[in-house]
Ligand code: ANZ
């Protein structure tokens, strides 16, 4: 007899909804905040990849609930953003209507998967009641001096008509393109809002230490922050213009043969002598065309131009020529370097090309290439005999005493470019008065809502479409005229604090103030997030922005912990059956609705958890899906029309307790595939028993464990066992260590080294006892009868070997 997923799924979903089974409880001392990366509600609906992460977090939420924790397991919608707007532009829809329609589809699909979300806590970043707080947080950042409107080099995407943050830009065939749609991106100077995440660089770096995150993700954040300890050193031109350089190797200062400025460095015009002016101008214009990636590319030939000026080395007092070259980047350090060709490969190449001197200051056997590393100093008067750290220390002291340098720490992290010239995002809660000065929109007037308008298309001239909505842009307050900011915030704004929004929500769309006393209590109870599951593609973008905002909110005494996500697990992808990433263009996308229809939600959940380790990216397999359904039916038949014993005959003691213990540990470690293997072992053991003899509490324990993966079927089986309240809120099975002591062993019987039989016997029998049993085994008898026994070898609890001769 097979179960019918169509018959049971709707029935139990209805039951759980009517009984509010997944409601967040607030009655226990232990809590678990289990968070998913909320989806962007695209027109395509839920993806099987979403389902992988959401099932994993759901398994864990169900586990903690059964262990008696208060569980908060919420979901919401990352609803603003480019894709919704682009779709709206293409189809002529209002992105808001389109988003709401998609949300309905997503919600239906999530419910069909029996994810145990508390839908009362649902949030939507594009809801004015939600973005009121996004705007409020922005105002706090502004008040703290962490939000600034300034002219900066930005990544400009003409096709999308907007600037993009660094993590929204990728390199394809050596070109910068937008992550969404792969449209060309170029550098351009524009007036933009930036958030000074760089001021939190050190805190964001140190904060990583105590997080239980995958090492690879921590590394990615570390590299993105890119801390570099060095020195800032002043080289002065003969006319007294100070050129600060940033170096991590001040100990090589005796080997400096020239100094280089980035072409964009503001000092270039001051130091260029009239006869080099034209050449320099030309070079600057060329450099503008190149992107940062090309400029950093070590394999590209070096280019540069002499400025006509010379600088004085602050230690050796020697004269060195001052150049500009595009291998020096403007946005990093001081946009100027002291070049040491003997010990830096880039400088080596440059010096060779332009015939500049090369002076070794570190001992090396091979002077045919730059020597990078540590060895004894040569030609370096004040640091001879010192090691690298001591040499650096000493030189910094000398430079400091002459006001010519100091220790300096630099970060690769750039400030977060925070404005987009798009329609579908949060408006900035600021006004400009007639002098162009910024004033915050009074708090009681938040939210500043997006106007209803038909002008949602980017103008292409760098201005947001909102600039065309004149009656929205122009504001009169007490007889004074103001204009609004027409940019909108990036999609990463709403997702930088949504986990906190769940705690502010009383019912969907109704949020309490983030700085209220009530909010403080709720944050104290629930933060930080105990488990966050999501894709690795957010390793530096979202995860870093969310950490930054939480650090700031912590400094504002709004939240109790600076780090929002204590545990983070990055799930692998589900690839198409062809092993490629699922994509419309490959035609290899699996639609979860179809699978739910054909195999059922439980099978889909079980299959995705059983595919392999959660972190692995693995291809979809229909065979695997079929096998999942087959096993669920096998599990179902354990219970279907069977009766169980209320007296324990002890036969399953070891295996049952062992499985409960292992499953408990494995779930704790997110090893869901091996936990399912354990359940399979237990089912096999049930089948080996005589019908009716299986101890009922062991079957109940099994059904409880099964409910994490296959909640509908487990609920059905639970009721068949005579239960009348939901398995979801039953207690997690406990195991009994005393029943797990092994007291039987299987001994192999060999005759002349060949296996001839075996038997399960009591542990620690004597050699005589075992030999007596072996010699009664019919097959062993066959091989020793009529022969003389030469030798009997006994390995206790394992094996015996009888050696015979004719
Ligand atoms: C002299 C020197 C000698 C250097 C040597 C290296 C080796 P990280 O570790 O990435 O921070 N540098 C500084 N500012 C730069 C810029 N704006 N564009 C390109 N290169 C820049 O790298 C710091 C090193 O990169 C600095 O130390 C500087 O070169 C270069 F044997 O100074 B070094």
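The values are calculated or read from the model by the stated rules, or taken from the named source; none is laboratory data. Since this is a predicted model, take the numbers as computed values, not measurements. Because the Cβ atoms are built from the backbone with ideal geometry, glycine has one as well, and the counts that use them run over all protein chains shown.
Scanning segment 298-330 for residues that are more than 19 Å from residue 354 (Cβ to Cβ) and either out of contact with any helix residue (DSSP H, G or I) (no Cβ under 9 Å at 6 or more places or on another chain) or free of Cβ contacts under 8 Å to residues at least 24 places away in the same chain (or both) turns up 312, 317, 330. Within segment 327-342, the set of residues being crowded, with 23+ Cβ neighbours inside 10 Å, within 6 Å of the ligand (Cβ to nearest atom) and either at pLDDT below 95 or closer than 13 Å to residue 361 by Cβ (or both) comprises 338, 340. Could you go through segment 419-435 and let me know if any residue there is surrounded by fewer than 19 Cβ atoms within 10 Å (Cβ to Cβ) and at positive phi. Taking every residue of segment 419-435 in turn, none turns out to be surrounded by fewer than 19 Cβ atoms within 10 Å (Cβ to Cβ) and at positive phi.
Restricting attention to segment 591-629, the residues being surrounded by fewer than 20 Cβ atoms within 10 Å (Cβ to Cβ) and assigned to a loop (DSSP other than H, G, I, E, B) number 8. Of everything in segment 459-493, what is in a strand (DSSP E or B) and surrounded by 12 or more Cβ atoms within 10 Å (Cβ to Cβ)? Give them in sequence order. Listed by number, the residues that qualify are 475, 477, 481, 482, 483, 484, 488. Scanning segment 351-392 for residues that are crowded, with 16+ Cβ neighbours inside 10 Å, under 40 Å from the mean Cα position of the chain (by Cα) and free of Cβ contacts under 8 Å to residues at least 60 places away in the same chain yields 370, 371.
I'd like to check something: does segment 243-258 contain any residue that is within 12 Å of residue 325 (Cβ to Cβ), within 16 Å of the ligand (Cβ to nearest atom), surrounded by 19 or more Cβ atoms within 10 Å (Cβ to Cβ) and at pLDDT 95 or above?
From segment 243-258, those within 12 Å of residue 325 (Cβ to Cβ) are 258; that's our starting set.
Remaining after also requiring within 16 Å of the ligand (Cβ to nearest atom): 258.
This time we only want the ones that are surrounded by 19 or more Cβ atoms within 10 Å (Cβ to Cβ), so: 258.
Restricting the remaining residues to those that are at pLDDT 95 or above gives 258.
There is at least one residue in segment 243-258 that is within 12 Å of residue 325 (Cβ to Cβ), within 16 Å of the ligand (Cβ to nearest atom), surrounded by 19 or more Cβ atoms within 10 Å (Cβ to Cβ) and at pLDDT 95 or above.
Reported count of residues in segment 520-535, each being in a helix (DSSP H, G or I), in contact with a strand residue (DSSP E or B) (Cβ under 9 Å, 6 or more places away or on another chain) and buried (at least 18 other Cβ atoms within 10 Å of the Cβ), is 1.
The residues on offer are 202, 232, and the sole one that is surrounded by 15 or more Cβ atoms within 10 Å (Cβ to Cβ), within 16 Å of the ligand (Cβ to nearest atom) and more than 14 Å from residue 417 (Cβ to Cβ) is 232. Scanning segment 310-341 for residues that are closer than 21 Å to residue 378 by Cβ and in a loop (DSSP other than H, G, I, E, B) yields 313, 314, 315, 316, 317, 318, 340.
Only one of 363, 388 is in the same structural domain as residue 256 (by TED's automatic domain parsing) and touching a helix residue (DSSP H, G or I) at 6+ places or on another chain (Cβ under 8 Å); which?
Details: 363 fails: touching a helix residue (DSSP H, G or I) at 6+ places or on another chain (Cβ under 8 Å).
Unique residue meeting the criteria: 388.
Which count do you get for residues in segment 205-215 that are more than 28 Å from residue 419 (Cβ to Cβ) and in contact with a strand residue (DSSP E or B) (Cβ under 8 Å, 6 or more places away or on another chain)? Residues in segment 205-215 being more than 28 Å from residue 419 (Cβ to Cβ) and in contact with a strand residue (DSSP E or B) (Cβ under 8 Å, 6 or more places away or on another chain): 4 in total. One residue stands out in segment 754-806 among those that are part of a loop (DSSP other than H, G, I, E, B) and touching a strand residue (DSSP E or B) at 6+ places or on another chain (Cβ under 6 Å): the one that is surrounded by the most Cβ atoms within 10 Å (Cβ to Cβ), namely 777.
Just one of the listed residues (288, 218, 300, 270) is away from the ligand (no atom under 13 Å from the Cβ), assigned by TED's automatic domain parsing to the domain that holds residue 344 and either under 21 Å from residue 360 (Cα atoms) or at pLDDT 95 or above (or both), namely 270.
Rundown of residues vs (1) in the same structural domain as residue 569 (by TED's automatic domain parsing); (2) within 30 Å of residue 569 (Cα to Cα); (3) out of contact with any helix residue (DSSP H, G or I) (no Cβ under 6 Å at 6 or more places or on another chain), yes/no style:
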position: 670; (1), (2), (3): no, yes, yes
position: 674; (1), (2), (3): no, yes, no
position: 677; (1), (2), (3): no, yes, yes
position: 680; (1), (2), (3): no, yes, yes
position: 693; (1), (2), (3): no, no, yes
position: 696; (1), (2), (3): no, no, yes
position: 699; (1), (2), (3): no, no, yes
position: 708; (1), (2), (3): no, yes, no
position: 711; (1), (2), (3): no, yes, yes
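Can you tell which of 511, 450 is in contact with a helix residue (DSSP H, G or I) (Cβ under 9 Å, 6 or more places away or on another chain) and not assigned by TED's automatic domain parsing to the domain that holds residue 81? Unique residue meeting the criteria: 450. Could you list, in sequence order, all residues of segment 408-432 that are within 16 Å of the ligand (Cβ to nearest atom), assigned to a strand (DSSP E or B) and under 13 Å from residue 198 (Cβ atoms)? Residues satisfying the conditions are 409, 410, 411.
Within the set 192, 212, the sole residue that is more than 16 Å from the ligand (Cβ to nearest atom) and surrounded by fewer than 20 Cβ atoms within 10 Å (Cβ to Cβ) turns out to be 212.
Please work out which residue is nearest to residue 296 (Cα to Cα), limiting yourself to segment 343-356 and to residues that are more than 10 Å from the ligand (Cβ to nearest atom) and out of contact with any strand residue (DSSP E or B) (no Cβ under 8 Å at 6 or more places or on another chain). Give the derivation first.
In the first step, residues of segment 343-356 are kept if they are more than 10 Å from the ligand (Cβ to nearest atom); the result is 349-356.
Subset that is out of contact with any strand residue (DSSP E or B) (no Cβ under 8 Å at 6 or more places or on another chain): 349, 352-353, 355.
On the way: 349: 14, 352: 18, 353: 17, 355: 22 Å.
Among them, the one singled out is 349.
With respect to residue 325, is the statement that it is within 20 Å of residue 251 (Cα to Cα) and assigned by TED's automatic domain parsing to the domain that holds residue 253 true? Against the criterion (within 20 Å of residue 251 (Cα to Cα) and assigned by TED's automatic domain parsing to the domain that holds residue 253), residue 325 does not qualify.
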